[in-house]
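Everything on this sheet refers to the single structure shown next.
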């Protein structure tokens, strides 16, 4: 079914954001027709804890976007994020089925199933996406596409992006309670990367840091695919809380201090910088720890891209560059055209969902087609559990 206009929804801990977009053929890009933001309720660290409250925030956010776009939306694409989202690696092996030894799509499917069966058992998680990273034919020849090659044995290393099952189920219920049909569910870092990360960066090796309110999500890309993912339990609200304590002020005033990067009267800018840098050091120390674990510390040619609402913090790219010893830049979008000069980074997940929806419908960007395609069985399974 052609989707001339699509709706992407990002349910975060602090805000729920909706983007309605359509493809502009003249400019070969996604044009944002409407956007909406509402304070989140019933959500903590990216998890929906109160379905009714979350559904009200979704309805308010979508309603705002609908009024700006002058359109009524009945279905949506959702992003899953927050603590509990993770990437697991696994290896599998399968014998080539054809007597001629020619490797087929069926063999690729079988070896991916073998990878999945070799994952450590878990009862409370569900696989959202699966990506084959590398195939090996007869223990010798490595390739990213073995179809048509000849051999007796096919091996594969794959990455599986998983979420806590009840978290996805609660998110779907909240959207449906808001009167929407859920088209697809996508891991939030994949959506954000689609909107604000250049394809070239994802090919040569880069890190996306999505700084949200209560979490920061790290995702590393190579050859166009996510190779690792981790969600940190720190976000921009952690800085707000630190400022409230450090300056003995209210949360509301601390939020303004953070946004303006201007200390209250009688306090020094150095004291402000010390408080902020202490929390940022925690975030980037854990970021370096993650990169070291996957042998990528200081070794990503395209460096890091910052996105999310927290990416607007003053001097954050420079701080990250010094700490990570990598080139760092704010995310930008060539394809998702935001209206009114709107910064794309706070909207990267919702806008990225719209781009992925278009990719799936039109068969564009082959490397990201599995993002949408692999979720369909999961979505059907979750819907079967709903009342």
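Some points to look at:
- Normalised by the number of residues in region 1-160, the mean separation of alpha-carbon contacts (under 8 Å, six or more apart) gives a relative contact order of 19 percent.
- For region 200-330, the relative contact order works out to 28 percent when only alpha carbon pairs closer than 8 Å and six or more residues apart are counted.
- Region 200-330: antiparallel DSSP beta bridges as a percent of all, rounded to 5: 65 percent
- In terms of Cα atoms, the Rg and Dmax of region 129-178 work out to 18.2, 53 Å.
- Packing, as the average of other Cβ atoms within 10 Å across residues, places the peptides 245-254, 232-241 in the order 232-241, 245-254, highest first.
- Cα pair count fraction exceeding 18 Å, expressed as % - region 1-78: 40 percent
- Tail fraction, Cα-Cα pairs, region 254-345, threshold 16 Å, whole percent: 62 percent
- Taking the DSSP beta bridges with both ends in the chain, the antiparallel portion is around 75 percent.
- Note on residue 116 and residue 233: the model spin-label points, each 7 Å out from Cα along the C-beta direction, lie 3.1 nm apart.
- Added length on full extension, which subtracts the Cα-Cα distance from 0.36 nm per residue, residue 123 to residue 142: 3.5 nm
- Descending principal axes extents, region 31-112, alpha-carbon based, whole Å: 60, 30, 20
- Most fluctuating residue given options 22, 310, 101, as computed from a GNM of the chain linking Cα atoms under 10 Å: 101
- Normalised contact order of the chain, rounded percent, pairs of Cα under 8 Å and 6 or more residues apart: 20 percent
- A convex hull fitted around the alpha carbon atoms of region 86-162 yields 77 Å³ per residue.
- In terms of its Cα atoms, the chain spans 80, 47, 46 Å along the principal axes, sorted from long to short.
- Judged by the mean number of other Cβ atoms found within 10 Å, the most tightly packed of the peptides 77-87, 331-341 leads the ranking 77-87, 331-341.
- Pairs of Cα atoms farther than 18 Å apart, region 200-330, %: 51 percent
None of the figures in this text is laboratory data; all of them are computed from the coordinates on show. None of these values were measured; they are calculated from a predicted model. Note that each Cβ is placed from the backbone with ideal geometry, even for glycine, and that neighbours are counted across all protein chains shown.
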